[in-house]
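Worksheet: the structure to be examined is printed underneath.
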Amino acid sequence: MRAEGFRILLTLIGVLLCMAVTAHAYDGKEIAIAVSSTWPPMEMKDQKGKITGYEIDLIDAIASELGLKVKYVDVPWRKIFNELDNGTYDAVIASVSITDGRKVKYDFSEPYFTAEQLLVVPKARADEPLNGKTIAAFKLTTGAETIRLYQKCNITFYTVEETERAFKDLSKGYVDGILCDSPLALNYAVFNEQYKGSLAVRTAVIPDGCPVPREDYGIVVKKGNMELLGLINQGLQAVREKGIESKLREKWIKQ
């Protein structure tokens, strides 16, 4: 009986150790995730003011797989990294492209989406050369970095912050084009009831004739927060393997 009791004790200890391994600092806690709700169809507000979109559904699915609680914090894009640094929230999902520069300061999840830079232009002038044109891009984005490559082409460029304002300026002829990520470009030029039919998209080509490289989006955490990063990647893998990710793309991402 003593030997049998000892074996049972060892089994219980093993179970407890396994539970300790799977437990994590976020058990029972609410994880704050920053979003920027002006980038449809990835994240936006519906008619009732609720934040929705592909990235919201993706995080909800990841949280469900992991048994985590999530709170969304809507933050202007210009502040999104500073507030992460300050600890206002735990992670960011806001169509953030994974770049070498950003990886110096932050850690990224495995990529969850691949985008490309597209030019949105008036449909009536879609085939016109860019020389002498005024092109807008969004502040602190990879589009703003890319647009500087066009300086050799006698192009005037400036950066904007507000998504809706930028497309209104384009529709009124204040600018000749907008350089932005493909999901946003297609959302406004092809599927938005207000703008479709009047706008067109074209592939962004840098002065040497090569298309602008594609970009991967990743979920951002503070540098060194490997526990949260590991959980996010675990959940991302689960929703991918179960086909949830592909269903969300069919729902939100129109090509």
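Quick notes on this one:
- Inter-part distance where segment 92-132 and segment 136-192 are each reduced to a Cα centre, Å: 11
- Coil-residue GluC sites (Glu not before Pro) of segment 43-91, DSSP, other Cβ within 10 Å capped at 11: none
- From the Kirkwood radius over Cα pairs of segment 63-219, Stokes-Einstein at 4 °C and 1.567 mPa s returns a whole-number translational diffusion coefficient of 77 µm²/s.
Values quoted throughout were computed directly from the atomic coordinates according to the rules given, and no laboratory measurement underlies them. A quick note: this is a predicted structure, and the numbers were derived from the prediction, not measured. A quick note on method: Cβ atoms are made from the backbone with ideal geometry, for glycine too, and the neighbour counts reach across all protein chains shown.
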